[in-house]
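Here is the structure we will look at, set down as structure tokens.
Every number in this text was worked out from the coordinates using simple rules, so none of it is lab data. The structure presented is a predicted model; accordingly, all values stated were derived computationally and were not measured. Cβ sites come from the backbone with ideal geometry, for glycine too, and all protein chains shown count toward neighbours.
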Amino acid sequence: MQSQRALRFYLDELHLLGGELSLDGRIVRVSDALRALAERSPDHAPERQDEPYRRAIVGIYARLAATAWSLDRLEAPHPAGRAGAGL
């Protein structure tokens with residue numbers, strides 16, 4: 001139960017953070033590491049292609065959701081793209 005509670009907490013926090021970080025990569029400087037993380041994201045929606053922070057968070061959320069499912073059969077509270085388990 002503790003792992004489910006922790007996983008659900010982090011999934012909710014990532015979801016909220018993704019709703020706030022809509023910074024445009026054409027306006028703000030983005031590190032190479034963040035850009036690479038955004039490129040690995042399962043989020044390929046055209047309207048978010050210039051939002052590397054949001055795309056990176058979607059990728060992290062998807063990986064955490066896959067981990068939550070593989071460890072505890074915990075379904076993510078919000079839709080997530082497909083990603084392999086493990087961070």
Practice task
Looking only at the range 1-15, count how many residues are free of Cβ contacts under 8 Å to residues at least 60 places away in the same chain and more than 13 Å from residue 60 (Cβ to Cβ).
Solution key: 5
Problem - Residues satisfying the stated conditions in the range 25-48, i.e. in a loop (DSSP other than H, G, I, E, B), surrounded by 10 or more Cβ atoms within 10 Å (Cβ to Cβ) and among the charged types (D, E, K, R) - result: 40, 43
Practice task
Could you run through the range 12-24 and say how many residues are part of a loop (DSSP other than H, G, I, E, B) and either more than 17 Å from the chain's Cα centre (by Cα) or among the charged types (D, E, K, R) (or both)?
Solution key: 1
Problem - Qualifying residues in the range 61-75 (those that are surrounded by fewer than 19 Cβ atoms within 10 Å (Cβ to Cβ) and without any contact (Cβ under 8 Å) to a residue 60 or more places away in the chain) - the one nearest to residue 21 (Cα to Cα) - result: 75
Problem - Residue in the range 16-44 that is nearest to residue 68 (Cα to Cα), counting only those that are touching a residue at least 12 places away in the same chain (Cβ under 8 Å) and among the basic types (Lys, Arg) - result: 40
